[in-house]
Protein chains: 2
Amino acid sequence: MNEMTRLIFPEAREIIRSGNVADLGVLMGVLLPPDVADLMAELAPDESAAMFKALDNKQRAEVFEQIDYEHQQALLDRLGPQVIAGVLDSMSSDDRADFVRRLDARSRETLLPLLAHAERHDLKRLLAFAEGTAGSVMSTEYATVEPEMTALQAIEHLRHVAPLQETIYIVYVVDKERHVVGVVSLRQLIVAAPAATVSKLMRREIISVKGDAPREEAANLIAKYDFLALPVVDETGRMIGIITQDDVIDIIKAKATQDAQKAGGMEALELSYFDTSLPAMLRKRGGWLIVLFIGQTFTATAMESFEGAIQKAAVLSLFVPLVISSGGNTGSQAASLIIRSLAVGEVKLADWWRVARREVASGLALGVGLGLLGFLRIVLWPNAGAEYGEHYVRLGLMMWLALMGIVLWGTLAGSLMPLLMKRIGLDPATASTPFVATLVDVTGILIYFSVATLMLSGTLL
Amino acid sequence: MNEMTRLIFPEAREIIRSGNVADLGVLMGVLLPPDVADLMAELAPDESAAMFKALDNKQRAEVFEQIDYEHQQALLDRLGPQVIAGVLDSMSSDDRADFVRRLDARSRETLLPLLAHAERHDLKRLLAFAEGTAGSVMSTEYATVEPEMTALQAIEHLRHVAPLQETIYIVYVVDKERHVVGVVSLRQLIVAAPAATVSKLMRREIISVKGDAPREEAANLIAKYDFLALPVVDETGRMIGIITQDDVIDIIKAKATQDAQKAGGMEALELSYFDTSLPAMLRKRGGWLIVLFIGQTFTATAMESFEGAIQKAAVLSLFVPLVISSGGNTGSQAASLIIRSLAVGEVKLADWWRVARREVASGLALGVGLGLLGFLRIVLWPNAGAEYGEHYVRLGLMMWLALMGIVLWGTLAGSLMPLLMKRIGLDPATASTPFVATLVDVTGILIYFSVATLMLSGTLL
């Protein structure tokens, strides 16, 4: 809720309770649809429905596009399918499809027959595209002009179709088979001489995306070329919709959410946190946890092979969590850094050698520093001699060396694992923080006890 | 490099080597500036400079906006300040400022006097805004109209100023003091009756952002309201620039990068991976590593207090990494999930109780499952009796119980820590994966050995 909504909120609630429709009209004139949506989210369900009912159909559609699914469903329950069908008819095609895609079969069967014919037909085409495809986020309301129109005629045409279109700023020139043969902007049309023909003005090199391509492909093209909109075509190249810059913002946000979830060592959720059911949540989290747990059982196996050393010097086991987590932490940092750099294209597969060189340098510097801290932790401990035995300085030096090795290894493993994943065709994000930490934990134990065996034989061991 | 660039690349290289400017002109007609930038990135520095030189000034500016800083700097070195100053004059104000902001003092001093007066003045104003502010990413090329103009006059005016402006689709109505009093879209102007005045058409409720506000604030407003552009104002409310949807895409991407880096347990970098110097990189990574290391030393302290138990039953120490990492992994998952949900607004501070309830349910289910795996790992191990002693089933049950407790605790700590951070006014992203893992490691050791002491006293202990 932003500041404006917060200021207006108490008054709005009063107006709704009093049922004064005229005052509500004034209120709506001041607020933009996203503000009305904010306001409704804060109201009790019945108040929210009353407020929604007081809007005209255009406002209803704009507000309905802005509220979350849980809230849309509540309005459907309260106001009935007839009212909501009217709202759906006025909504933009992509938001309408978003809503209907999530309805259960029974609600769909009740709602769909109530829609206007054109909208129902349009909806069916959009629903045919799987979630996550360009087709599933496109809008079917786009403006087209003919190549032989003059700039003046094209503007006159746009003037008439404007109320129906998602945008009139980017206009497509299509032939009889709806193949895109050109693209022209309203800016070009306005600046041009009125008698200039569209075919003279239009750009003929068309960049488009297939309807069944991943939506991220469309987002990347729009971001790269700074397009306001991108045409979506079917397998035969016929234009079927457009994706606009504001869709890209949603796509990029959703992608960043999925990447963050993967980085945390789980599968990406399809819905928001609260919209995800508990069984679905457990599946998304449990699968990776089991894999990681099985990976971690190798730490026990690794420790077992050094059980003799631990029995001789229990003190060695005290530092195992500290030592291996240092490798895990540096590995996590490096992995997060490289995964994201790969995602935004700052680092490419071909850069692996440059990355490795940089990370060796970083790993060595960080390892020397953390190793020093480990050394100090042991030798400066109050009464270190009594706690760790007479060889405590030697123990400290062993820690230093082991930490250097483990931190260097963690940095290298963390930075190169995402590149390796990409190389073998897997999503680099699979090299998640917990995944790298697990890998480095197991190898860290081997490094630690090997260094210990080497340096402490004849003293502690 | 996309497919088109890849196809054209060999031919382009030939043309550049042959120095045939006419052919190069044809090539440029087919490629969009981002494609030329892609192509140049793949060429040798001298070839790239030759290609750049063959472009006209407008093309040069568009391409220069698309290439990365390292490459821009290389062109400056090869083509000299005079050529690049000409390019800067033709660039959009925000991209020009981006480039100059990163130049060292000497290059700035050489370049700035070569710029046209208006551009130099404009640049100085933009450079006054700190990096990360709305002012630092705004463009100063925006269109304004007067309230008494008719729609026809406004369109005619836009027609003339179009070549200079970042966008003419959203137009601001400003008074004599440059306060924004209204906003009108070209769509509205086109659809309106030609004689309708701007003051009749314009929307008077203006949403704007201050120049020194964080750029994310502007991005959030544009994303929320689906605006094509947002006005930027100074402290007195005077309009000084606009931020457009394509800026928002960049801002959201940069923010996601910073969040990913924080999630990996490091400070966010200001520059890209390769542009960050080694000392800067070590600072950003080393600081948190030291904090985490100090946190992890408590694992050693915790282990020390159970040293007696370890000496009696070394077998207990074998499972410490496995057990605590299970807590760390579930905690990492929960933290990543909640941090991101907070960032996109799906979860709010007020939801903490709903989150806690859900996570207790998830944590219990995951704990029972992972605990079962831990139990099986011990009792089904070949020759478990010899390896873990006669009480190995009891040891297995202890593992099950300890894992349940630790996983439940990890889930709760991981999910509630970001909410706590937010509550006390810190960035929730500070509850990074390694941070939560460290916290859960230390407490995990306490839980594990407490359960062990409770269940194994009289048998192993």
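Here, each number is a calculation from the coordinates, and none is a lab measurement. Fair warning: this is a prediction, and the values are worked out from it, not measured in the lab. FYI the Cβ positions are ideal-geometry reconstructions off the backbone, even for glycines, and counts take in every protein chain you see.
Derived scalar couplings between HN and Hα for the range B:226-231 equal 6, 6, 6, 8, 10, x Hz in order, rounded to whole Hz, by the Karplus curve 6.51 cos²θ - 1.76 cosθ + 1.60 (θ = phi - 60°), x for Gly and Pro. The DSSP beta bridges internal to chain B are antiparallel in roughly 75% of cases.
Within 10 Å of the Cβ of each residue in B:337-344, the mean number of Cβ atoms contributed by other protein chains is 6. For residue A:200, the lysines whose Cα falls under 25 Å of its own Cα, not counting residues fewer than eight places away in the same chain, are A:176, B:58. With only Cα atoms counted, the range A:306-452 has Rg and Dmax values of 17.0, 54 Å.
Between the range B:417-434 and the range A:428-449, the C-alpha centres lie 25 angstrom from each other.
Distance distribution note for the protein assembly as shown: the fraction of Cα pairs above 48 angstrom is 33%.
Modelled label positions at residue A:193 and residue B:301, each set 7 Å beyond Cα in the direction of Cβ, lie 8.4 nm from each other.
Annotation: the antiparallel percentage among DSSP beta bridges lying fully within the protein assembly as shown is about 75. Calculated mean residue ellipticity at 222 nm for chain B: -21500 deg cm²/dmol, from DSSP H runs with n ≥ 4 weighted as -39500 (n - 2.57), summed, divided by the residue count and rounded to 500. Taking 7 Å steps out from each Cα toward its Cβ at residue B:179 and residue B:275 produces label points 3.9 nm apart. All C-alpha pair distances within the range A:156-230, sorted into 5 Å bins from zero, spread as 3, 13, 21, 25, 21, 11, 4, 1, 0 percent across the bins. Rounded to the nearest whole Hz, the Karplus-based 3J(HN,Hα) values (6.51 cos²θ - 1.76 cosθ + 1.60, θ = phi - 60°) of the range A:98-103 follow the sequence 4, 5, 5, 4, 9, 5, with x at glycine and proline. Hey, what did the range B:188-287 get for relative contact order, percent, Cα under 8 Å, at least 6 apart? Value for the range B:188-287: 17 percent. With all pairs of different C-alpha atoms in the average, the Kirkwood value for the hydrodynamic radius of the range A:86-178 is 14.8 Å. Normalised by residue count, the range A:213-343 yields a Cα convex hull volume of 170 Å³ per residue. Let me know the whole percent of all Cα-Cα pairs from the range A:3-128 that are separated by more than 26 Å. Roughly 21 percent, once rounded to a whole number. Taking max minus min of the alpha-carbon positions on each principal axis, the range A:343-394 gives extents of 54, 19, 12 Å, largest first.
Neighbour counts of other C-beta atoms within 10 Å: give me A:39, A:24, A:426 arranged from fewest to most. Least crowded to most crowded, the residues run A:426, A:24, A:39. Within chain A, the proportion of C-alpha pairs whose separation exceeds 36 Å stands at 51%.
Label sites at residue A:267 and residue B:116, each approximated as a point 7 angstrom past Cα along Cα to Cβ, lie 5.7 nm apart. Close amide H partners of residue B:170, meaning residues 5 or more places away or on another chain with modelled amide H under 5 Å apart, are B:186.
Test of the criteria: in the range A:338-387, which trypsin sites (Lys or Arg not before Pro) are in a DSSP loop and have at most 16 other Cβ atoms within 10 angstrom of their Cβ?
Passing sites in the range A:338-387 are A:348.
Charge tally for residue B:130 (other residues, Cβ to Cβ under 12 Å; Lys, Arg +1; Asp, Glu -1): -1. Straight-line cross-link reach from residue B:284 at under 13 Å between alpha-carbon atoms covers these aspartates and glutamates, not counting any fewer than eight positions away in the same chain: B:267, B:270.
Counted by neighbouring Cβ atoms within 10 Å, the residues A:242, B:445 run from fewest to most as B:445, A:242.
Which value does Rg/Rh take for the range B:204-248 over its C-alpha atoms, Rh per Kirkwood? Computed over Cα atoms, the ratio is 0.93.
Share of antiparallel DSSP beta bridges in the range A:137-244, in percent to the nearest 5?
Looking only at bridges with both residues in the range A:137-244, the antiparallel portion is about 75 percent.
For residue B:422, the aspartates and glutamates whose Cα comes closer than 14 Å to its Cα, not counting residues fewer than 8 places off in the same chain, are B:351.
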